[in-house]
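To keep things clear, I will list the structure first and then write my remarks on it.
The values are calculated or read from the model by the stated rules, or taken from the named source; none is laboratory data. Values in this document were obtained by computation on a predicted structure and should not be read as measured data. Cβ placement follows ideal geometry from the backbone for every residue including glycine, while neighbour counts extend to all protein chains displayed. Accessible surface areas use protein heavy atoms only, side chains included; no ligands, DNA or RNA. Shrake-Rupley method; radii C 1.70, N 1.55, O 1.52, S 1.80 Å.
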Amino acid sequence: MSETRPMNPPPHKSIMHETLNHFRHVGLWDPQSGLIRGQSDRYSGLRPEAVKSNLLRGASSDLSEFIWPKDQWPSVPHDDFHFAKNLPTVDLSGLRAGDAELRFNAARLLAKTFSEWGFVQVKNHGVPAEVIERMQNQARRFFNLPLEQKEKGVATRSSKHEQFGYGVESGFYYAGKPWIDRFQCRWSPVCEIREPVEKVFSPSDAEEFSYSIEVYNSQLDKLATKILELCALGLDLPENTFTKPFKGTAGDCIARMNYYPPCPLSSLTLGLGAHTDPNLLTILSQCKVGGLQVRKNDTWISVEPKPDTLIINIGDTFEFLERTFERVHGTV
C-alpha cells in the first residue's frame, strides 16, 4: 500500500482538504513501513502558524524544530510530475449513465487499483466543480486571517471539541515538526463545524464558511458510499458489505483543511511526513499548487493537481478488511 506525504512548496501556498471517513487512532507501530500511527506530535516550541506570524512581523524565530533529518528530505521536487502519468485514474462516468457493464468494469478496476496502489484519482466523480471551488476559496479566506483571529477557534482542553478546531495536532510522531496550519472538525454523525467557526467569523461570514464546507462534505458522503459499494462489487462481495455497518449514515467522519504556508527552510522541512491513514477512506482535493506525493515500490511520485479529479486513498482499516475478505473469499 502506498504512503503519502504533503510536501512544502517553497514560494507558494498550498491548501488541501480532506474528509476522513471512519477515522480512528489505532496506536500501533508498523515494522514494515517504520511509521508510528495514532500518537500525538506534541512539541515544546511554537506551532507553525505562530512561527510564520513572527517571521512576517520581522521577529526572530527558532526554526530548529522544523528541520528534518537528511534522510527524510524530499528526493523529488513537489512540482516534478515526470512520473505522474503512471498514477492510476478511474473514470466514474458510467455510474451516472446507469450502464451495468460500465459500472461493473469500474468496480473491478477500482478494487484492483486499491489492491495494487492503495490510492486512486477519480474523474467524473459527480461532485460539482463550483462546490469544490467555493470550499477552497473559503479555506483560503480562513487561513489568510490574522493569527489572533484564527486562534479564537482553538478548542480548550476541557472542551468536548478538544481534538477539533484550529491548530490541532496531526496525530503522528514525525522526525521533525510539520510545517502545517490546519482546521478540522467532526462532520458525522453530528456536524460540529459551526461552533468553532462562529468564534472566528462574523455571523454572516461564519454562515458562508460553514455552508460551503457542509455542502462539499454532503457531496463527498455520496461519493464515499459509491466508492465503498464499487469496492465490494469489485471484490465479488455483496454491494452493501462495507456500507451496511453505517446503517445509512456517513459513519464517523472528520472534515479537515490543511494549509502549507511558505517556509524559509523549505528544502529542510516537510508539510507532513510520510504516513498512512488509519481510517477507512480519505477523499482529498488539491489546490493548483500541489505538494502531495505517494510512494510505490520505494519510489516517491509527485501528484499533479488536476481540477477535474479527486484523490482517494484507502486507510489501514480498509486495507485490513480487504485483505481479510481476500483470504476468506479468494478474490482480487
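Points worth noting:
- Considering the conditions (1) modelled with pLDDT of 75 or more; (2) in a helix (DSSP H, G or I); (3) among the polar types (S, T, N, Q), Ser53 is excluded by exactly one of them, (1).
- Every pair of residues 6+ apart whose Cβ atoms lie under 6 Å, when the first sits in segment 187-204 and is touching a residue at least 40 places away in the same chain (Cβ under 8 Å) and under 15 Å from Glu151 (Cα atoms) while the second is open to solvent by 30 Å² or more (accessible area, probe 1.4 Å) and among the charged types (D, E, K, R): Lys199/Lys152; Val200/Lys152
- With respect to the stated conditions, Pro245 fails to be over 22 Å from Val122 (Cβ atoms), part of a loop (DSSP other than H, G, I, E, B) and open to solvent by 30 Å² or more (accessible area, probe 1.4 Å).
- Among the residues of segment 125-136, those that are in contact (Cβ under 8 Å) with a residue 60 or more places away in the chain and not aliphatic (A, V, I, L, M) comprise His125, Gly126, Pro128, Arg134, Gln136.
- Inside segment 281-320, residues that are closer than 18 Å to Thr243 by Cα and either open to solvent by less than 10 Å² (accessible area, probe 1.4 Å) or β-branched (Val, Ile, Thr) (or both) make up a count of 8.
- Residues in segment 173-192 that are in a strand (DSSP E or B) and either of a type outside the set (S, T, N, Q) or surrounded by fewer than 18 Cβ atoms within 10 Å (Cβ to Cβ) (or both): Asp181, Arg182, Phe183, Cys185, Arg186, Trp187.
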